[in-house]
Amino acid sequence: MATTTLTAKGHLRVAARRRPYGIAPTAILLLGALYCLLPVSWVLVAATKSKAELFSTSTFAPGTGLLTNLADLAAYRDGVFWLWMLNTLLYAGGGALLSTAVSAVSGYTLAKYRFRGRNLIFNLLIGGILVPAVVLAIPQYLLFSRIGLADTYWSVLLPQILHPYSIYLARIYATAAVPDALLEAGRIDGAGHWLLLRRVALPLMIPGMVTIFLFQFVAIWNNFLLPFIMLGDDQMFPLTVGLYTLLAAGANQPSLYNLILTGTLLSIIPLIALFLTMQRYWRTDLAGGGLKS
Amino acid sequence: MQRNRLAVAAAAALAATLAAGCSGAAQEPAAPAAQSSAPAGPVKLTYWTWVPNMDKIAAAWNSANPDIQVTVSKQAGGDDAAAKFLTAAKAGNPPDLVQAEYQMLPSFVAADAVADLSGDVAQAKGEFGEGIWGLVTLGTDAVYALPQDSGPMMLYYRQDLFDKYGIEVPKTWDEYAEAARTVHKKDPKVFLGTFSSKDPGAFVGLAQQAGAQWWSISGESWKVAVNDDATRKVADYWGGLVKEGAIDDQPYFTPEWNKALNDGKLLTWPSAVWAPGVLSSNAPKAKGRWAIAPLPQWGTGENASGFWGGSSTAVAAKSPNRAAAAKFATWLNTDPEALGLLVKEGAVYPAAAKGGTMLGEAPDYFSNQPDFWQRAAAISATARGFTFGPNVNVTYNAFKDAFDKAVQDRSAFSEAVGKMQEATVADMQKSGFQLAQ
């Protein structure tokens, strides 16, 4: 095992030195980065423009209205924006934590235990990946209405906890990162299932769990359709749905573009902060895994 | 482990509801019955609306009526709001009160989502003009909502630039066409107006002015006449102007359109009474330079207008508190105090006849026209009635598809109207509506 990785790494290094494709890969990546960053930078610039400047000054010329926009947004309906921000943090943070926990345990179980119906469950989950969450939103709404949970925090949290792709990811990761021999050694020492999971498997799976957490956090943070359908009470809206109420304000009210742009800018800051902090954690753990094997 | 157990419990609960769902709708009436036998306390109503500051208006009601407490939940407006309400009504937990745009109300009625209030609000009829009242009765004996705001159409024009190009305010559509040619000849970068292929609401308003009646109910069946003579006349008029290039063909409410308004490249906008709000935020530079006049007419001596937009307050059919909800809706849309708040806080143009007197000072943007509201009220009285059908969204989407293409190909607009008619009829037949021939 160790030798094969070594030779593979050696090959990689040789390939890197030769650079058979020149700077093409770098250029493509740069183009991709530009493609992703251009809209973000537009939001950044547009959020600084005042109402009068937004549609009249040139696209990337910074405006003078950022502070007014921020003050207007904070004052809009007695600061409902901050409530939406907290709601979003609850949905994304709570949902991603619960989802990561469920995924890690399920993935570990599917990877390391042999039991009747294991393949059936796994195949069902794989099938679940193929069903887009958008398709499920309305049936889920009808089901939640029946059990009286529609229009509650749970109606947005619960459907996002079970996420087939994350379980799949956790299984793949557990297969690779948790050696059978280690579990065997633990069993010989008399550890039960719970102890093995907690003390042996989960610590090894942390980099994978961080990935799942980030994926789920971003997915829930950006989710629009599920909360839009589930929630009627505007005090429980997440940012996506809340900002949408500013945009679709009805035919006889102008859309509040300034506030929407400023709100959008503020709403991506936590995501960027999360990535910057989690990224570090991610890399050290990947390196740690390499050392152990 | 605890979390795992929770997930299993939730899955089991979902499975149970699935089974319940299969066993039929027998359970459905159980919920309202349970609620109505609840001990008498204050009745709690929820209200979905997108009128700004409606929560403040409801607070005024709540403090005066401790028995009926209304909670406002501000929603996104437009077509999505209608879809959301229909879904909620189908699932059995709609809000008690809902803001319903006039063109969406018939689809709510067709889905049995709103209650017939004729027993509760009969006395309110006299508060509204006949044209507006027809929008909430659909020409039947039932009353499906109370009119809240309306959008009578008028001609917004740049007074200063009319003087500059030496044109008179057009009294007829022929004069409007002539003025369009004159302006465009004097400055090829400037247009008198634009035809928007993205705003079916504006087109419906103009068709109403010409006397169009797209839908009507006779007995149990619907009659669809989207391609009636009046509509074809309006369509071909605008089609001709677009084809010869006398007016622009860019849609409304885009950044380019805002810019054109701001820079004085567009001189008129046939729009509704709510336009000041749009203009003041989209074209702040032109403040004090716009004025209003009645829409140009189809024949000399005529005096008619149409509606673009406007909405009503409906009560959900499944609401257990219909009477209380109807009481609040009546107060909101007919009481002088509520109307005053609607004008001041909600910035809407009330549908009630006496709402016009609530509007004193002209909007800030129109400070050059101190009698703005008086003029608007006079124009409002000339707006023709109209009945919307149960699938307006289909007709509107057909409008956007067909007119986009017609504008692009410079083909006849009346053909596009024909396509709207076909799409509307086909959809109604597919949905099982009875159609009169």
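Some notes on this structure:
- Rounded to the nearest 20, the size of the Cβ-charge dipole of the range A:70-292 about its Cα centre is 920 debye, with Lys and Arg at +1 and Asp and Glu at -1.
- A:Thr152 versus A:Leu67: modelled label distance in nm, points set 7 Å from Cα along the beta carbon direction: 4.6
- Overall form of the range B:290-437 per C-alpha gyration tensor (a/c, 1.5; a/b vs b/c): oblate
- Placing +1 on each Lys and Arg Cβ and -1 on each Asp and Glu Cβ, with no other charges, gives chain B a dipole about its Cα centre of roughly 920 debye.
- Remark: the protein assembly as shown carries a charge dipole of roughly 3740 debye about the Cα centre, counting +1 on each Lys and Arg Cβ and -1 on each Asp and Glu Cβ.
- Rounded, prolate or oblate (a/c below 1.5 giving rounded, otherwise prolate when a/b exceeds b/c) for chain A by Cα gyration tensor: oblate
- The distance between label points at A:Ala176 and B:Lys185 comes to 7.5 nm (points 7 Å beyond Cα on the Cα→Cβ vector).
- Of the residues B:Arg375, A:Arg280, the one with the fewest other Cβ atoms within 10 Å heads the list, and the complete ranking is A:Arg280, B:Arg375.
- Charge tally around B:Gly310: other residues with Cβ under 13 Å, Lys/Arg +1 each, Asp/Glu -1 each, net -2.
- Anisotropy class assigned to the protein assembly as shown is prolate, per the alpha carbon gyration tensor with a/c at or over the 1.5 cut-off and a/b larger than b/c.
- Test item: B:50-57 mean partner chain Cβ contacts at 10 Å: 3
- Other residues with beta-carbon under 10 Å from the beta-carbon of B:Asn393 carry, at +1 per Lys or Arg and -1 per Asp or Glu, a net charge of -2.
- Sequence of B:Leu146, A:Leu110 once ranked by neighbouring C-beta atoms within 10 Å, starting from the fewest: A:Leu110, B:Leu146
- 3J(HN,Hα) couplings calculated from phi for the range A:259-272 with the Karplus curve 6.51 cos²θ - 1.76 cosθ + 1.60 (θ = phi - 60°) are, in sequence order, 5, 5, 5, 5, x, 5, 4, 5, 6, 8, 4, x, 5, 5 Hz; Gly and Pro show x.
- Neighbour counting of Cβ atoms within 10 Å sorts the residues A:Ser58, A:Ser166, fewest neighbours leading, into A:Ser58, A:Ser166.
- Radius 11 Å from Cβ of B:Val224, net charge of other residues (Lys, Arg +1; Asp, Glu -1): -2
- The residue list A:His193, A:Met209, A:Thr262 was ranked by how far each Cα lies along the charge dipole of the range A:70-292 toward its positive end, using unit charges on Cβ atoms, and A:His193 comes out on top.
- Computed over chain A, relative contact order equals 26 percent, with contacts defined as Cα pairs under 8 Å that lie 6+ residues apart.
- Of all DSSP beta bridges in the protein assembly as shown, antiparallel share, percent nearest 5: 65
- Helical contribution to [θ] at 222 nm, DSSP H n ≥ 4, -39,500 (n - 2.57), averaged over the protein assembly as shown, rounded to 500: -17500 deg cm²/dmol
We did not get these values from a lab; they are worked out from the coordinates using the rules stated. Note that the coordinates shown come from a computational prediction; the quantities given were computed from them, not determined experimentally. Cβ: placed from backbone, ideal geometry, glycine included. Neighbour counts: every protein chain shown.
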